[in-house]
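Each reported figure results from applying straightforward, stated rules to the coordinates on display, with no laboratory input. Nothing here was measured: the structure is a model prediction, and the numbers come from that model. Methodologically, a virtual Cβ is constructed for each residue, glycine included, from the backbone with ideal geometry; neighbour enumeration extends over all protein chains shown.
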Amino acid sequence: MNFNVGGPSHLQYSISSSSSDSENDDEVRFLNHLQEFDTQAEVITRMCDNNNRLWAHYIAHQNNQVTHGGSIPGHIVINRDRENADRNLFTDYFAENPRYPDSMFRRRFRMGRSLFLRIFNAVAEHDNYFMQRRDGLGRLGLSGLQKMTAVFRMLAYGMAADATDEYIKIGESTAIQSLKKFCRAVVEVFAEQYLRSPNANDVARLLHIGKRRGFPGMLGIAPPAHYVIQGKEYNMGYYLADGIYPKWSTLVQSIHDPRGPKKKLFAMKQEGCRKDVERAFGVLQSRFAIVAGPARFWNKNVLHDIMTACIIMHNMIIEDERDVDAAIEDWMEAPTPEVEIAVDENTRFQEFLARHRQIKDREAHIALRNTLIDHLWEEYTNSEN
C-alpha cells in the first residue's frame, strides 16, 4: 500500500489553500469596510456642502437687508428733528412773547403758565429724567418741556402716547415712561401739601363758606367743630347727604317730598350745596380726560399715581385761580386744637362708646335738620325784608 498518498505534500497543499482563502476573506472584508467608509465620507461631505450653502444664502440675505443702528438690535432710528420741535414748542408757549396767548395755554394745559412752570421746575429738580441731556453722539436729547407737554396731552385730552409724536416729536415708549415718572414725581413732591388733612385754617375757611351758604357747622370733613344755630350749641360738624345714608347726627339729609315753603327752601339749599361736592369729580374728569376714560395700564400702582397726580394738580389749580384769603378776611384765625388722650384704656373705650352713641343719635339728627330749616327760613325772610 502506498502510504505516501495524502502525505506531507498533500497536507502542505491543504494548508496553503486554507491560508489563501483566509487572506482573500480578510481582503474582501477590508474592501467592504473601505467602501462603507468612502460612502460615509461622501455623505458627510455632502452634508457639509449643503450646510455651507445654507449659511452662504443666509449671510447674503442679511447683507441685502438694511441694518439699523442703536443699542437695541432691529430698533428703527427715526430722525424726528427733536431740536427744532423743542424750539417750536418754546416759541409757541414759553417764550417771552409766545405765539399763543395765555387763554389758549390754559385751555391746552389745563392751568396757567406760571403754575405749569412751577410744577415743571419742582419735578425736574426732583427727578433728573426731565433734565435735558446729550446722547452718545453729543446731540441734545428731548427737553423736559417736551416730555412734560407730552404728558399733559395724555392727561388732559386722554391722547394716545403715539399721537404725541406728531407735534412733540417723542417716541411712544418715551412718552409712556415720561407719564409714569411725572405722576410719581408729582405725588412725591406735592402730596404732603395738597393731600394733607385739613388744618385749623382750612376748618375755619370751610365753616365760613358753609355759614355764608346757610349751613353753619357744615364741613364735609371729620374734625370737631363748635358753632351755634338758633341759640343751640353744637360740637360736631356734619355732612350734607341724600336719602341713602343713615339718620345720624353728623349727616343732614334733604327732604324727599318737601311740603310748605320752609321745607322747600331747605331742600333747594341743601341739594344745591351737596351738588357742589358731587360736581367736584365731574370737574376733575372734564379737566383731565384720562380719568374719565378706560384704564391705560395694568399696574395698579401706576393707576394710583395717575389718579393721585390729577387730584393734586386739580387742588393746585383751584388754589392758583382763586383769591384764597378774600373769602375769610373777616374770619378770626382758628387756633390749633389741643387733644388730650386718655391714658386709661377703659376710659378711652368708654369715651369711644359715648362718641359713637352721639353720632348715631337719630333724634339729634332730626333736631339738627329742623333747626337748620328754621335758620334758613329766618335768613331768607330777613333778606327778603
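Quick look at the values:
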item: Flagged links, alpha-carbon separation over 26 Å, of K232/K262; K247/K300; K147/K300; K211/K262; K211/K275; result: K247/K300
item: Local electrostatic count, V123, Cβ distance below 10 Å [Lys/Arg +1, Asp/Glu -1]; result: +1
item: Per-peptide average of other Cβ atoms within 10 Å, ordering 312-321, 238-247, 189-198 highest first; result: 312-321, 238-247, 189-198
item: Segments 144-155, 77-88 sorted - mean Cβ within 10 Å per residue, highest first; result: 144-155, 77-88
item: Protection-proxy order for peptides 298-308, 51-61, each taking the mean of Cβ atoms within 10 Å per residue, highest first; result: 298-308, 51-61
